[in-house]
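Below: the structure, in structure tokens.
The values are calculated or read from the model by the stated rules, or taken from the named source; none is laboratory data. These figures come from a predicted structure and were not determined experimentally. Cβ placement follows ideal geometry from the backbone for every residue including glycine, while neighbour counts extend to all protein chains displayed. Quick note on the areas: whole protein, heavy atoms, side chains included, nothing else; ligands and nucleic acids left out. Shrake-Rupley method; radii C 1.70, N 1.55, O 1.52, S 1.80 Å.
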Amino acid sequence: MYDYLIVGSGLFGSVFAHEAKKKGYKCLVVEKRNHIGGNIYTYEKDGINIHKYGAHIFHTSSQEAWDYINQFASFNNFINSPIANYKGEIYNLPFNMNTFSRMWNIKTPKEAQEIISKQRSEIKEINNLEDQAISLVGHDIYEKLIKGYTEKQWGRSCNELPPEIIKRLPVRYTYDNNYFNDRYQGIPIGGYTQIIEKLLDGIEVRLNTDFCKAKEELSQLAKKILYTGALDAYFDYSLGYLQYRSERFELERIEEENYQGVAVVNYTEREIPYTRIIEHKHFEKNSSPVTYISKEYPVDYKETGEPYYPINDKANMELYNKYKELAKTDEKLILGGRLALYSYFDMDKTILASLELSKNSLK
């Protein structure tokens, strides 16, 4: 008999398993995929670490989260400075003075503020995402750098999307291309998978094991279940289906040393089907005669069966809360991670939440 059955070998489940093992608890980790690591899984090709499920850049202002993850890998000093490509026009992200200078041929923060302020005034009432975006950054930036990208990401028009999706947008009146404001930022040298391997060292892991297809049998193996999967799946969709957006990733090997000169390029026009191209070698500044890129295509959840981004509109949140109430009737069940909580978490918040659960549960 195990003390904990942990469903999912992503960052949340792996941190919890590691902390449980340290305190003498016996754990079993089951994983639906054929590898550990969840969405931060990386693997090596031609000396380049590939981020299989999209770019994962660790950033945090939490000393606790930074110290914790640095136990398991050494991090480089990678700074995320993505660019946006709109019909061949190149803009720096996040929105800053380099963006504004390119957009309007201006030089000073005062000039940029005046233009944005004037364009913001077009919006008298906020009814949807389009209104919200223009009210934050003005019409020009919205049209070129937000509209097409967002409509691809969510699969519907911006004037049909709730304004809550972009409650705020970073606008900086400085010439600073660092995407994050966090104190610490970097990529683990050698990729993320090594971190999960070390977290799960000495813990039994069963790959290619779909918990929901063998729920009754697997549930009997442990006193408690930490479930990090989709909550509607746990209850066999008995109350209905929660909605997600998904991603399809196309990896391509290119016979040249440097394809796009930066790790991340967003393609913001609606007509291009992918949202961005990741060139993996730039994360760790790899030197090799070839390179690998990944194109990211937002798709309907039904196309891949892989839930990535919860659609947190009113109807979905009402359904999720019904499932959450149902979960309270299962005394063995503990929920954790982005899918079970129907929320999007950065990696540092995932670590901190798992550590908090560990402190409260592992007496």
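What to note about this one:
- Of the residues making up the stretch 210-221, those that are open to solvent by 30 Å² or more (accessible area, probe 1.4 Å) and either farther than 26 Å from residue 236 by Cα or within 24 Å of the chain's Cα centre (by Cα) (or both) are 210, 212.
A quick yes/no check of all residues on (1) open to solvent by less than 30 Å² (accessible area, probe 1.4 Å); (2) at pLDDT below 95; (3) under 28 Å from residue 11 (Cα atoms):
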position: 69; (1), (2), (3): yes, no, yes
position: 73; (1), (2), (3): yes, no, yes
position: 81; (1), (2), (3): no, no, yes
position: 90; (1), (2), (3): no, no, no
position: 109; (1), (2), (3): no, no, no
position: 115; (1), (2), (3): no, no, no
position: 120; (1), (2), (3): no, yes, no
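- For the stretch 152-171, taking the residues that are open to solvent by less than 30 Å² (accessible area, probe 1.4 Å) and modelled with pLDDT of 90 or more, the one that is farthest from the chain's Cα centre (by Cα) is identified as 158.
- Residue count for the stretch 136-151, restricted to those that are open to solvent by 10 Å² or more (accessible area, probe 1.4 Å), closer than 21 Å to residue 274 by Cβ and not hydrophobic (A, V, I, L, M, F, W, C): 6.
- Residue check, residue 360 over 30 Å from residue 161 (Cα atoms) and open to solvent by 60 Å² or more (accessible area, probe 1.4 Å): yes
- Verdict on residue 351 being under 15 Å from the mean Cα position of the chain (by Cα), at pLDDT below 95 and surrounded by 15 or more Cβ atoms within 10 Å (Cβ to Cβ): no
- Within the stretch 253-285, considering residues that are within 23 Å of residue 152 (Cβ to Cβ) and charged (D, E, K, R), the one most open to solvent (accessible area, probe 1.4 Å): 271
- Residue satisfying all of: in the stretch 314-334; open to solvent by 40 Å² or more (accessible area, probe 1.4 Å) and under 22 Å from the mean Cα position of the chain (by Cα); nearest to residue 357 (Cα to Cα) among these: 317
- Within the option set 121, 61, 117, 81, being within 19 Å of residue 170 (Cβ to Cβ), free of Cβ contacts under 8 Å to residues at least 40 places away in the same chain and among the small types (Gly, Ala, Ser) holds for one residue only, 117.
- Selection count where residues are among the basic types (Lys, Arg) and out of contact with any Ser or Thr (no Cβ under 9 Å at 6 or more places or on another chain), scope the stretch 239-253: 1
- Residue that is farthest from residue 358 (Cα to Cα) [pool: residues in the stretch 2-37 that are open to solvent by 10 Å² or more (accessible area, probe 1.4 Å) and assigned to a helix (DSSP H, G or I)]: 11
- Enumerated strands (runs of 3 or more DSSP E) restricted to the stretch 219-274, each holding at least 1 residues that are without any contact (Cβ under 8 Å) to a residue 60 or more places away in the chain: 244-254
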